[in-house]
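Data block below; observations after.
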Amino acid sequence: MKKLLLLLLFIPLVSFGQEKFEKQLKFDPETHIIQAEVSCGICMFDMVGKECELAIRIKDSSYYVEGTDIDDHGDAHSKIGFCNAIRKADVQGKIIDNRFHVTYFELKPSNK
């Protein structure tokens, strides 16, 4: 019983000792800002995929996004979430291997 109690006390200590990894998306004043539409690739852009994933549409071409996730910007399944609405964003990044590797992402306020 003492071992079980000790184990239960030890688990929270280990979990609080984890370092949080936060994505570092930084604006680069020397890089061009792209104004794009962003949403769920499967739900709103009719892209092929296995699960809801953030995608970006630039000049009628859609790409899945690397560097930020669909849930990093609120609940994807809310009324104005990416699975139910196409939103505008200012982004910086590059297309590599048919995926948009984002280095800066600023979601614009919803009109709803």
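Inter-label distance, residue 35 to residue 99: 2.9 nm, where each label sits 7 Å from its Cα along the C-beta direction. When the C-alpha to C-alpha distance is required to be over 18 Å, none of the pairs from 79/108; 59/94; 59/88 qualifies.
Looking at the stretch 51-112, send over the antiparallel percent of its DSSP beta bridges, to the nearest 5. Antiparallel bridges make up about 75 percent of those DSSP assigns within the stretch 51-112. In sequence order, the stretch 36-43 has phi-based couplings of 9, 9, 10, 5, 6, x, 6, 5 Hz under the Karplus curve 6.51 cos²θ - 1.76 cosθ + 1.60, θ = phi - 60°, and Gly or Pro positions carry x. Less than 5 angstrom separates the built amide H of residue 101 from those of 66, 94, 95, 96, all sequence-distant by 5 or more or on a different chain.
When 31, 68 are sorted by how many other C-beta atoms sit within 10 angstrom of their C-beta, beginning with the fewest, the order is 31, 68.
The numbers here are math on the coordinates, done by the rules we state, and not lab data. Remember, predicted model here, so these are calculated numbers, not experimental data. Note that each Cβ is placed from the backbone with ideal geometry, even for glycine, and that neighbours are counted across all protein chains shown.
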